[in-house]
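Here's the structure we're looking at; comments come further down.
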Amino acid sequence: MADVGRLADVSAQTVSRFFSGSGYVSAATRERIEAAVAELGYRPNHVARAFRSNRTHTIGVMTMGTMNYGVTALYSGLTAAARATDYSIVISHIDSDIDEPGALDEARRVLDNLQSLQVDGIILATQYRDADELFEGISDRLPVVTLSGRPRPSADTVALDSYQAGLIATRHLIELGHERILHVAGPANRNETIERARGYTDALEEAGLVPLPAIPGTSWGAETGHRAGSHVDPTSFTAAFAASDAIAFGFMGAMRSRGFEAPSDYSIIGVDDMPESAYTSPPLTTMRMDFDELGTVSFDMIRHHIEKGERVDLRVLPSALVERGSTAPPRPDGA
């Protein structure tokens, strides 16, 4: 570190502030230090730094449930934010449902292992309704951020606005002239499922319309939508709100096999804005959920708590309507 300081013509203390991220270092000084680091091939000793600061600059992340687009995009945001601030991320993913036998015990073991690695904080990314008990006691020892969508008294919380997604998606269909709107829901034990269904119901009720019986889902995947599209009465609805893009893909595929196409025979809107949504036939209208930003914000929240010792208020990230080709006014004959 002293060699870097001499070459950059700054003090060792300034170099230390540069690597630790604590304290001000001007842009010009940063450039000189970065050039000196590159020239010398210097690598900071993170173990020594951990002993001095009582921090490891490592954050533990636990996710739970089937690996899907939302989880991978979340990882992208988290890891990019960590790289930009010289933190490391340790990720543990449990590919099982919280209701499965032994799942909660496995989650507790994962959290114990993360704590044994002396992480500075933990991000718990699970939308299961019964996940509260997982972080009980942990927040007494470590900063905790949850991505559950429900405010917690013992942990900071950030979430995507699933209620808004359901509300705006259904309003979009109503504004196009649809009155018989079907909802194909996600898995029943997820907070997101409950909030998206609540938004759907509120949008219909504020327009004086009656919600149709929701078709329950067992996953966020295309199989849920395909099963629904294979059995639903095509004359019972003119539009469908799918709880995820993947559900919408499956629904459209099943309806196509029965001779019904969107948007000529029915309209459909999803949630997520997966990259594939722009390239389906027709391109899928959807509610964009910025999972990448969710990762960035959750990292910023826990880093603030670690470094400043301050809790952060609940953050709810908005969704946004992305209009494409799968939604249109209903056919004049009402079919």
Sites H231 and H93, calculated FRET efficiency, Cβ-Cβ separation with R0 41 Å, nearest 0.05: 0.80
Environment charge at R30 (Cβ cut-off 14 Å; Lys +1, Arg +1, Asp -1, Glu -1): -2
Nonlocal amide H pairs with T146, under 5 Å, H built at 1.01 Å: L124, D156, T157, V158
Translational diffusion of the chain, µm² s⁻¹ [Kirkwood Rh, Cα pairs; Stokes-Einstein; 37 °C; 0.692 mPa s]: 149 µm²/s
For the chain: relative contact order, % (alpha-carbon pairs under 8 angstrom, 6 or more apart): 16 percent
Net length gained if the chain between E307 and E223 were fully extended (0.36 nm per residue, minus Cα distance): 25.8 nm
Estimated FRET transfer efficiency (T66, A2; beta-carbon r; R0 45 Å; 0.05): 0.35
Ranked by how many other beta carbons lie within 10 Å on average, peptides 209-215, 63-69, 35-41 from highest: 63-69, 209-215, 35-41
Amide H partners (placed H, <5 Å) of S96, local residues excluded: G65
Furthest towards positive pole of dipole, F237, L294, G221, structure part the chain, Cβ charges: L294
Estimated inter-spin distance, R331 and S257, nm [label 7 Å along Cα→Cβ]: 2.2 nm
Projected label distance in nm at A278 and E106, using a 7 Å step from Cα toward the beta-carbon: 3.6 nm
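Counting only DSSP beta bridges with both residues in the chain, tell me the antiparallel percent, nearest 5.
15 percent
Under the Kirkwood approximation for Rh and a Cα-based Rg, what ratio Rg/Rh is obtained for the stretch 221-265?
Here the Rg-to-Rh quotient is 0.92.
Please work out whether the stretch 162-289 counts as rounded, prolate or oblate from its C-alpha gyration tensor, where a ≥ b ≥ c are the square roots of the eigenvalues and a/c under 1.5 means rounded, while otherwise a/b larger than b/c means prolate and anything else oblate?
Rounded, since a/c falls under 1.5.
What's the magnitude of the charge dipole for the chain around its Cα centre, counting Lys and Arg as +1 and Asp and Glu as -1 at the beta-carbon? Answer in Debye, nearest 20.
800 debye
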For the stretch 100-128 and the stretch 243-265, distance of Cα centres in Å: 37 Å
Relative counts (whole %) of C-alpha pair distances in the stretch 138-214, using bins that are 10 Å wide: 19, 40, 23, 13, 5, 0
Helix-only CD estimate at 222 nm, as mean residue ellipticity for the chain, using -39500 (n - 2.57) per DSSP H run (n ≥ 4): -13000 deg cm²/dmol
Computed E for L314/S26 - FRET, C-beta separation, R0 41 angstrom, nearest 0.05: 0.75
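Values in this text are rule-based calculations from the coordinates and carry no lab data. Please read all numbers here as calculations on a predicted model, not as lab measurements. Using ideal geometry, Cβ is built from the backbone for each residue, glycine included, and neighbour counts are taken over all protein chains shown.
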